[in-house]
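Reading through the structure tokens given below for one structure.
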Amino acid sequence: MNNRNRSQGWTHAKKTGHLNEELAAMNIANCSTVQTTITELSNCNNIDFNNVKYGGIHETKVESVIENHKTTSKTDITIPCDNGMLNISLKKDAGGQVFLISVDNFIFGFEKHYLKIIPNHIKRALALFFGSVDIGEIINIVDKQHSPYKSYEIRKNRLTACSLYKYDINLHDALIKWFTDNIKDIFDFCFIRGMSKNQNDWANIIWYKNFLNENTYDEMLNLNTLKDKLPNYAEYGSKNGGTTIQLPFGFLQWHNPSKKEHGDMQFHHSLEKLINL
């Protein structure tokens, strides 16, 4: 067991993640079995395995859907092919963060990528559940029976699913229905596109592989195939009044370790759930 605090943990994860990318890129360039698997999973022709590249510690950001902004690509390893670029997202653990984004950027990016307008009442529900508005007065309105979640909600400046239900059952139900109805695009946003504008920066394959001997996972999956298999499913978590949204590929939680003004949306991936698809 290690004694790292949160900051040290993130630093360790970042450093080992970069090293894992380097080792994975070397493995792809030199292992014919891995090359065969990649070829079978991709829709690319004439893949140039002599020019495998990885982001690593010197990773550069790419063009964002937000004008005049750069963003981090969902891609860790790139390989040229006849179709442009074959891009691999590398995960060294079976679970963890896959996408961290503010509520405002989530709304903007989703609408920009998928040419859909998120209804105003859904935007309102997102803001309440993930703490991007002041919910002080609302907590007092719903807390007529001294809810055990009140102190948590004040501390995090967000409503749990239980309090959202008390405040407005229509918002409560509409939010989870919106996630259910749009689950494939949400998966695409989290795993494939992120905020990247250009298709050449989008991920095609996800590879669960740890070359640092921290685990033994070795699963390579086509992301579009996974997306097509997703069931239309989402539900509020059952713990602490409902602080998460459970999804067929992982879960979504509130996140704000730096205690900035508003919380973020932190999507988590789960290898177990992806394999079950």
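Among the residues of the range 57-89, count how many are farther than 16 Å from Trp207 by Cβ and in a strand (DSSP E or B).
So the answer is 8.
Counting only residues that are within 24 Å of Leu277 (Cα to Cα) and aromatic (Phe, Trp, Tyr), which one in the range 222-265 is surrounded by the fewest Cβ atoms within 10 Å (Cβ to Cβ)?
Tyr233
Count, please, the residues in the range 115-134 that happen to be in contact with a Phe, Trp or Tyr (Cβ under 9 Å, 6 or more places away or on another chain), open to solvent by less than 30 Å² (accessible area, probe 1.4 Å) and either within 15 Å of Asn182 (Cα to Cα) or assigned to a loop (DSSP other than H, G, I, E, B) (or both).
Result for the range 115-134: 5.
In this structure, is Leu159 free of Cβ contacts under 8 Å to residues at least 40 places away in the same chain, open to solvent by less than 10 Å² (accessible area, probe 1.4 Å) and either farther than 28 Å from Tyr217 by Cβ or of a type outside the set (Asp, Glu) (or both)?
Values: free of Cβ contacts under 8 Å to residues at least 40 places away in the same chain: yes; open to solvent by less than 10 Å² (accessible area, probe 1.4 Å): yes; either farther than 28 Å from Tyr217 by Cβ or of a type outside the set (Asp, Glu) (or both): yes.
Against the criterion (free of Cβ contacts under 8 Å to residues at least 40 places away in the same chain, open to solvent by less than 10 Å² (accessible area, probe 1.4 Å) and either farther than 28 Å from Tyr217 by Cβ or of a type outside the set (Asp, Glu) (or both)), Leu159 qualifies.
Can you pull out the residues in the range 222-254 that are touching a residue at least 60 places away in the same chain (Cβ under 8 Å), over 25 Å from Trp207 (Cβ atoms) and of a type outside the set (A, V, I, L, M, F, W, C)?
Tyr236, Gly237, Asn240, Gly241, Gly242, Thr243
Out of curiosity, is Lys91 touching a strand residue (DSSP E or B) at 6+ places or on another chain (Cβ under 9 Å) and either more than 29 Å from Asn51 (Cβ to Cβ) or among the basic types (Lys, Arg) (or both)?
Numbers: touching a strand residue (DSSP E or B) at 6+ places or on another chain (Cβ under 9 Å): yes; either more than 29 Å from Asn51 (Cβ to Cβ) or among the basic types (Lys, Arg) (or both): yes.
Yes; evaluated as a whole, the condition is true for this residue.
Counting only residues that are of a type in the set (Phe, Trp, Tyr) and more than 16 Å from Phe106 (Cα to Cα), which one in the range 162-203 is surrounded by the most Cβ atoms within 10 Å (Cβ to Cβ)?
Here is the first cut: in the range 162-203, the residues of a type in the set (Phe, Trp, Tyr) are 165, 167, 178-179, 187, 189, 191, 202.
After this cut, where a residue has to be more than 16 Å from Phe106 (Cα to Cα) as well, the list is 165, 167, 202.
On the way: Tyr165: 18, Tyr167: 17, Trp202: 21.
Result: Trp202.
Take the residues in the range 36-79 that are open to solvent by 40 Å² or more (accessible area, probe 1.4 Å) and in contact with a helix residue (DSSP H, G or I) (Cβ under 6 Å, 6 or more places away or on another chain); name whichever of them is modelled with the lowest pLDDT.
Looking at residues that are open to solvent by 40 Å² or more (accessible area, probe 1.4 Å) and in contact with a helix residue (DSSP H, G or I) (Cβ under 6 Å, 6 or more places away or on another chain), I get Ile57.
Restricting the search to the range 138-156, which residues are surrounded by fewer than 18 Cβ atoms within 10 Å (Cβ to Cβ), outside any helix (DSSP H, G or I) and touching a Gly at 6+ places or on another chain (Cβ under 8 Å)?
Ser147, Pro148
Return the only residue of Gln266, Gln246 being in contact with a Gly (Cβ under 7 Å, 6 or more places away or on another chain) and outside any helix (DSSP H, G or I).
Every option except Gln246 fails the conditions.
Do you know which of the residues in the range 206-250 that are within 16 Å of His268 (Cα to Cα) and polar (S, T, N, Q) is farthest from the chain's Cα centre (by Cα)?
The qualifying residue farthest from the chain's Cα centre (by Cα) is Thr243.
Filter the range 143-202 down to the residues that are touching a strand residue (DSSP E or B) at 6+ places or on another chain (Cβ under 8 Å) and of a type in the set (S, T, N, Q) and list them by number.
Matches in the range 143-202: Ser196, Asn198, Gln199, Asn200.
The values are calculated or read from the model by the stated rules, or taken from the named source; none is laboratory data. Since we're looking at a predicted model, the values are computed, not measured. No Cβ is skipped: glycine too gets one built from the backbone with ideal geometry, and neighbour counts run over all protein chains shown. Calculation scope for accessible area: heavy atoms of the full protein, side chains included, ligands and nucleic acids excluded. Shrake-Rupley method; radii C 1.70, N 1.55, O 1.52, S 1.80 Å.
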